[in-house]
1. Compute, for residue 369, the solvent-accessible surface of its heavy atoms (probe 1.4 Å) with the complete set of protein chains present, and express it in square angstrom to the nearest 10.
2. So if we plug the beta-carbon distance of residue 110 and residue 428 into 1/(1 + (r/R0)^6) with R0 = 41 Å, what FRET efficiency do we get, rounded to 0.05?
3. So for 457, 167, what's the accessible-area order with a 1.4 Å probe, most first?
4. Of 359, 338, 152, which has the most accessible area with a 1.4 Å probe, and how do the rest follow in descending order?
5. How large is ³J(HN,Hα) for each residue in the range 288-294, as worked out from phi by the Karplus curve 6.51 cos²θ - 1.76 cosθ + 1.60 (θ = phi - 60°), to whole Hz, x for Gly and Pro?
6. Which links in 219/400; 203/281; 203/291 stretch past 31 Å when you go from one Cα to the other?
7. Which distance in nm do the two modelled labels at residue 121 and residue 211 give, with both placed 7 Å along the Cα-to-Cβ direction?
8. For each pair in 223/455; 289/391; 265/391; 196/401, compute the distance between the two Cα atoms and list the pairs where it is over 31 Å.
Amino acid sequence: MHLGTAHNYYPKVLLRANRLSRSSKIFNIFLWFWILTALAAMKPVETHAAKNKGVGKEASKGKSGRGLTEGGRKTTNPPWNQLLHQGEDNALDPLEKREHVVHRIRPGDTLPRLLKRFGLKPSEMQLWTRSIARNFSRQSLPVGREVHFYLTTEGASSRAQQGSEGLKAVDLDFNDSVSLTWEKDDHGIFFHKREKPYDVQLKTATFVVNHSLFDDGQKAGLKPTLLSQLADIFTWELDLGKDVRQGDSVKVLYETRSRKGQESKVSWRILAAELINVGQKFAAIYFEKQKGVGGYYNLEGRSLARLFLRFPLDFNDITSQFTDSRLHPILKTNLPHTGVDFAARRGTPVRAIGDGVVTHAKRNGSYGKLVEIQHDAGYMSRYAHLDRFAKGIRNGTPVKKGQLIGYVGSTGRSTGPHLHFELYKDQMYIDPLSVEFPADDVIEPALQKVFDQQKNLFLVELTSAPQS
């Protein structure tokens, strides 16, 4: 029974094996046929790519479009990382070359007029001029500076025949501080106002006062600009021109800022300062609560600035102080003196002590030429005997703290050039030299840690500064 079953089974197995063998041969033939067909289909693609490659080479060799006068022309890969959005992939076809056209601006040049030279299609020209007008309202361009145009060579080669949409970016070197850039991608034209980077150097100066703070400070390498900043920073703490004594010491950490090609236009700013006056230490730390807007604070984080300036001008002497009774030099009778007289040369600039609105700017009897400013919190200030008013100062003019409002003179009832300065609080006279104003602001708790870190860094720099 079992042998018979086996005998009948093996012929069936062999038959099935033969069928599988034939199927395998048919499969192999089909597989080779498919491979050969696929290889044959790939040859036209390679040929097409080779032709495109050849076209790309020819386009890159040929000159395209009309060049702009007063400019250099070269085919290059411009620094698109600076012109295009950071993190975006704006790459064009790898076979597409870019053309960089530089034009030095002449009198009367405008961006729309320059764009016309590229033969853009009407729709493309309208798109560019509309985008530029939206972000750049003025028509004239800064003469002598450069404007850069970035185009595609493929579009440029056909401009003379049918117009082009090959303009990709326009970069205008607007002034020493910023460049204006318009760039085009699939979504439209985008505008960027890019601030040019600064070269920043940190420097220190430290010295002991032997003759005067200003003389010894300049010997230590400090520019007059920095010494003026120092006086303004500590103006409510002490008068550096009069209160500093021989043996006092000063340490200053400051920065210099310049841009490449503009080394002659250097700006200086104090970052930290330490002054020891008759054994008492005063310190100032520069801190920005928001980018570009900063002020000076003491080590506890209290602002050294006040609501008002301490003095409205640089003066030589105080000739008359606030008093209830004094002998008037002209009238020869005892009268109250409701202000302070600052002796200064004729023409010395006079500044507004705080933000406010001019309520009076004309002659006023014995005051001569007078400026009156209404401030917030019920304060009002008066500046009398002016020689002339600053440009734009008239009734209703808003002014900022420190803004120029006039010049020292001797108009009205006056014996010589000086500024008569008065200060009112709620329509009552107050002594400008004795009033105490609260700090402008303090460091908020949320910023205290950041302020402390910056303060400690600055103090380390001051401590390690060599003695001048």
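The values are calculated or read from the model by the stated rules, or taken from the named source; none is laboratory data. In this text, all values refer to a predicted model and were calculated from it rather than measured experimentally. Here the Cβ is made from the backbone with ideal geometry for all residues, glycine too, and neighbour counts use every protein chain on show. With ligands, DNA and RNA removed, areas are computed over all heavy atoms of the protein, side chains included. Shrake-Rupley method; radii C 1.70, N 1.55, O 1.52, S 1.80 Å.
1. 50
2. Details: r = 58 Å, r/R0 = 1.42.
With a Förster radius of 41 Å, E is 0.10.
3. On the way: 457 120, 167 0 Å².
Greatest to least solvent exposure: 457, 167.
4. Numbers: 359 65, 338 30, 152 5 Å².
Of 359, 338, 152, the descending order of accessible area is 359, 338, 152.
5. Using θ = phi - 60°, the values come out as 9, 6, 9, 4, x, 10, x Hz.
6. Values: 219/400 34 Å; 203/281 21 Å; 203/291 22 Å.
From 219/400; 203/281; 203/291, over 31 Å: 219/400.
7. It works out to 7.5 nm between the two label points.
8. Values: 223/455 24 Å; 289/391 33 Å; 265/391 26 Å; 196/401 29 Å.
Table pairs above 31 Å Cα-Cα are 289/391.
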